[in-house]
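Every number here is computed from the coordinates shown, using simple stated rules; none is lab data. What you see is a predicted model, and the numbers here were worked out from it, not measured in a lab. Glycine gets a Cβ as well: all are built from the backbone with ideal geometry, and neighbour counts include every protein chain shown.
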Amino acid sequence: MVLPVVLSVIVDRKWYVVLSARDVGLAYGKTVALAGASVTVAEGSVVALIGASGSGKSSLLYCLAGLLTPDTGEIRFDGVLLNGLSEDDRSDLRRKDFGFVFQFAELVPELTLRQNIALPLELNRWRRSARKQRVDELLEQLDIHQQADRRPVQVSGGQAQRAAVARAIAHRPRMLFADEPTGALDSVNGAIVLESLLQLAKVNRTSVVLVTHDRAIARRADEVVEMRDGRMVGSE
């Protein structure tokens, strides 16, 4: 069933907007990246941003995640104005409540897969026993337990990206931001990574904003928002 992306109450089940952007504008010098973009994300839902290269979808994702500060408009997480927070407060929010998966795994090359997955847990001061249990659980779920003590350069691209998904979801964030998470993989590994990401998000009731140019991938989302020239031009 498609989840709503607006505030609604159905009997005892309440779906509310956890993240929203309204009239967001962003320019890099004279180049306009976002020109009044607006989107809402409900708790536990998956929203896919699609569009051609240069349409503004990645710029919007980085603004939603607090990695970029828009020039105009507002972004709210849980009702709090994100672009009104200090950099320290935004960093705390990203550490505790957000997770990230990028096109290339972006794992720390000097660390093993196990150590990479444990990073957000260490930053959030999980107890050692709890860290080990959570990391072992994710290694098993993503079928990379046999590669746990290898470094990223010693595993395949698909295995590294699965480790990146595990790292992003390890601390059970409320929001997961994925920028072309399967873009560097072949179709088989891409399907495995996408399925892993969506299943783990569902289990943890994590909301997802997914950037992709692939409509087949976008169809797995609850809401598909198409962008062109920094604006929303339609949704499905």
Distance between the C-alpha centers of region 82-127 and region 131-184? Whole Å please. 13
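Quickly estimate the mean residue ellipticity at 222 nm for the chain, helices only: each DSSP H run with n ≥ 4 gives -39500 (n - 2.57), and the total goes over all residues, rounded to 500.
On the way: 7 runs with 79 residues, N = 236.
It comes out at -10000 deg cm²/dmol, rounded to the nearest 500.
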Simple spin-label model, 7 Å along Cα-to-Cβ: residue 35 to residue 53 in nm? 2.1
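May I ask you to derive the FRET efficiency for residue 150 and residue 195 from their Cβ-Cβ distance with R0 = 35 Å, giving the value to the nearest 0.05?
Details: r = 23 Å, r/R0 = 0.65.
Approximately 0.95, to the nearest 0.05.
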Ranked highest first by the average count of other Cβ atoms within 10 Å around their residues, in what order do 90-96, 18-24, 125-131 fall? 18-24, 90-96, 125-131
Give me the one-decimal nm value for the distance between modelled label points at residue 108 and residue 125, 7 Å along each residue's Cα-to-Cβ direction. 1.8
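How would you classify region 105-236 from its alpha-carbon gyration tensor, with a ≥ b ≥ c the square roots of the eigenvalues: rounded for a/c under 1.5, else prolate if a/b is greater than b/c, otherwise oblate? Walk me through the numbers before you get to the answer.
Numbers: a/c = 2.20, a/b = 1.64, b/c = 1.35.
Here region 105-236 falls in the prolate category.
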Based on the mean of other beta carbon atoms within 10 Å per residue, what is the order of 220-227, 162-169, 43-50, most packed first? 162-169, 43-50, 220-227
Where the Cα pairs of region 8-235 fall when distances are cut into 5 Å bins, in %: 1, 7, 15, 18, 19, 16, 13, 8, 3, 1, 0
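Once you sort the root eigenvalues of the Cα gyration tensor of region 27-138 as a ≥ b ≥ c, which label holds: rounded (a/c under 1.5), prolate (a/b larger than b/c) or oblate (the other case)? The partial results should precede the final answer.
Details: a/c = 2.15, a/b = 1.76, b/c = 1.22.
Prolate shape, in that a/c is at least 1.5 and a/b is the bigger ratio.
Return a whole-number percent for the relative contact order of the chain, with Cα pairs under 8 Å and 6 or more residues apart as the contact set. Please list the in-between numbers first.
Values: 465 pairs, mean separation 68.1, N = 236.
In percent, rounded to a whole number, it is 29.
Can you compute the charge dipole magnitude of the chain about its Cα centre, using +1 on each Lys and Arg Cβ and -1 on each Asp and Glu Cβ, nothing else charged? Give it in debye, rounded to the nearest 20.
Details: 30 positive and 29 negative charges, 110 e Å.
Dipole size: approximately 520 debye.
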Prolate/oblate/rounded label for region 33-73 (Cα gyration tensor, a/c 1.5): oblate
So for the pair residue 86, residue 214, with labels modelled 7 Å out along Cα→Cβ, what separation do we get in nm? 4.2
Amide H within-cut-off set for residue 101, under 5 Å, with H built and near neighbours excluded: 177, 178, 179
